[in-house]
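Since the structure comes first, as structure tokens, the remarks are kept for the end.
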Amino acid sequence: MRVLTVKNTREAEALANESGISYLQLMENAGSYCARVIRKTFANTSKKRVLVICGKGRNGGDGCVIARKLSEDGYSVTVMMAMGLPSDSESSEMLSRIRAMGVNIIYYDRNGATDRAFENAEIIVDCIFGIGFHGEPDEQTAGLFGKINASPAVTVSIDVPSGLSGDSGRADGECVKADLTVAVMALKPVHVLKPSRYFCGQIVTASIGIPEKCFEAVKSALFTMDNSEVKRLFKKREADSHKGTYGTVLVIGGSYEMPNAAYFASQAAADSGAGIVKLAFPAAAYKAIAPKTYEQVLIPLESNKNGRISQNAVRRIGTELEKCSCVVIGCGMGVDEDTKAVVKFVLENSPVPVIVDADGINCLKGRIELIDSAKADVILTPHPKEMSRIAGTDVRQIENGRSAAVSAFISAHRSVLVLKGASTLVGGSENGSIYVNPNGNPGMATGGSGDVLSGIIASFAAQGLSPFLSAAAGVYVHGAAGDSAAAKYSMMGTTPSKIIGELPFVLKKFE
């Protein structure tokens, strides 16, 4: 599913207008579709008293169309003009049409009529700003948002809950908390990024008749996926297939201090459909790793004095690189001169895609050029602090502009980048696309969850998906497994093992 920025949205509308679909017609289409959504949503309820709150821009014009359509269908409708008269000709025209019908129109000024309108409303339709809001609301507008949120009525926001920026995942100031948001034309970043998406409630996308060629012309880089789109990525398993058909994953990692990180990655790869999973780790961690690894081929490697993989093990690693379909390196391996040398060797010699995670990323600090000269495709999976180390950027700057940070990195370095966190982003330098992940939950903020993700991505790459699609599908499946674990146990009780345990049930949806 495409995700349009505010700029993309306005460009698509302008192209549609140039093609012969006037702004007035687009407004009529948008309002009519939104009214249908409202009718359908409340068809089996007794809710008939509607308060449509309109701003002075085109979102308010959409609201006037909604008010007209619902009034024609027998709803008791009041229109509240939140900021005076409309500022554009299309919205003015739509206001004149409902005035001619005799629809009740009031103006927001905190007087008795305003209070009565809120008290009477069973459904509030928020058409105050749409995609046009930025900054923070003034005192009067914040007060209006507060009245909406305090009302027991069901709140439906048109396009974007007022007070949120269409392009941002932030929710800093007072804003409308919607029960249902009708995304006009297409999803916007606000609908898929967190925490803003939590203020949107249920999200429905409204088609307003813009030709596909207009969307293609704006070239939006952002997209998201749902179950049906992820399912299309996986091929049906044929009756004559065998373990070699589904690839070999090689996980290189672990240490005496952190043996389980590499185990989590290897187990996730095994439970995500890889044909063979090999786990290469320092022999110093053998007693911690071997007793619980039933489904992996174990490759103990020479250890250094720190209980980490010694660079003397690169010859054996090189032999294994020639036999695998995808490599994961870094999970729990520690950072010292030996592990830095091992990471460098793998990037320079692996003929298959390499997923660099955790300490593998930390080993690239000050040496990011290694991914540019890597022999094969590289997938990096940093959290924001790890991202700051390899990008030389402040963590706060990354968090305040996550998609911009991903775009800048993939423009500068040949790679697939998975920026973890709320609304994990996946960017690919090959086409500049950025995938925004819609699922997952705060219960996944636990040590080892990222190792599980690396194993899933590696499994999908070993089974034949491209590096970018492996990362995007891996992030989606990882989030779905985390959601399943949280639903079954609790967010506080979600652990890497529980996420792994949910993978077979989640993957069943895609077979």
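Exactly one residue among E93, E122 is assigned by TED's automatic domain parsing to the domain that holds L24, farther than 19 Å from V156 by Cα and surrounded by fewer than 21 Cβ atoms within 10 Å (Cβ to Cβ), and that residue is E93.
Residues checked against (1) touching a helix residue (DSSP H, G or I) at 6+ places or on another chain (Cβ under 7 Å); (2) assigned to a loop (DSSP other than H, G, I, E, B):
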residue: K236; (1), (2): no, yes
residue: L250; (1), (2): yes, no
residue: G254; (1), (2): yes, yes
residue: E257; (1), (2): no, yes
residue: A261; (1), (2): yes, no
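The residues of region 29-78 that are basic (K, R), without any contact (Cβ under 8 Å) to a residue 60 or more places away in the chain and outside any loop (DSSP other than H, G, I, E, B), listed by number, are R36, R39, K40, R68, K69.
For region 351-367, the set of residues classified as without any contact (Cβ under 8 Å) to a residue 40 or more places away in the chain, more than 15 Å from A391 (Cα to Cα) and either surrounded by 24 or more Cβ atoms within 10 Å (Cβ to Cβ) or not assigned by TED's automatic domain parsing to the domain that holds T381 (or both) consists of V354 only. From the list A274, A265, the one residue that fits, being in a helix (DSSP H, G or I) and surrounded by 16 or more Cβ atoms within 10 Å (Cβ to Cβ), is A265.
If the condition is being acidic (D, E) and either modelled with pLDDT under 95 or assigned by TED's automatic domain parsing to the domain that holds S423 (or both), then region 139-175 contributes E139, D167, D172, E174. Would you call S388 out of contact with any Pro (no Cβ under 7 Å at 6 or more places or on another chain) and within 30 Å of A171 (Cα to Cα)? Taking the combined requirement at face value, the residue satisfies it. When you go through F129, F223, F133 one by one, which is the residue that is crowded, with 22+ Cβ neighbours inside 10 Å, touching a residue at least 60 places away in the same chain (Cβ under 8 Å) and either in contact with a Lys or Arg (Cβ under 6 Å, 6 or more places away or on another chain) or not assigned by TED's automatic domain parsing to the domain that holds I456 (or both)? None of the others qualify; the one that does is F129.
Suppose the filter is over 23 Å from P353 (Cβ atoms) and not in a helix (DSSP H, G or I); does G427 pass it? Considered against the rule, which asks whether it is over 23 Å from P353 (Cβ atoms) and not in a helix (DSSP H, G or I), G427 comes out as no.
Across region 481-499, the number of residues qualifying as part of a helix (DSSP H, G or I) and surrounded by 24 or more Cβ atoms within 10 Å (Cβ to Cβ) comes to 5.
The values are calculated or read from the model by the stated rules, or taken from the named source; none is laboratory data. Predicted model only: the values in this text are computed from it and were never measured. Backbone-built Cβ (ideal geometry, glycine too); neighbour counts: all protein chains shown.
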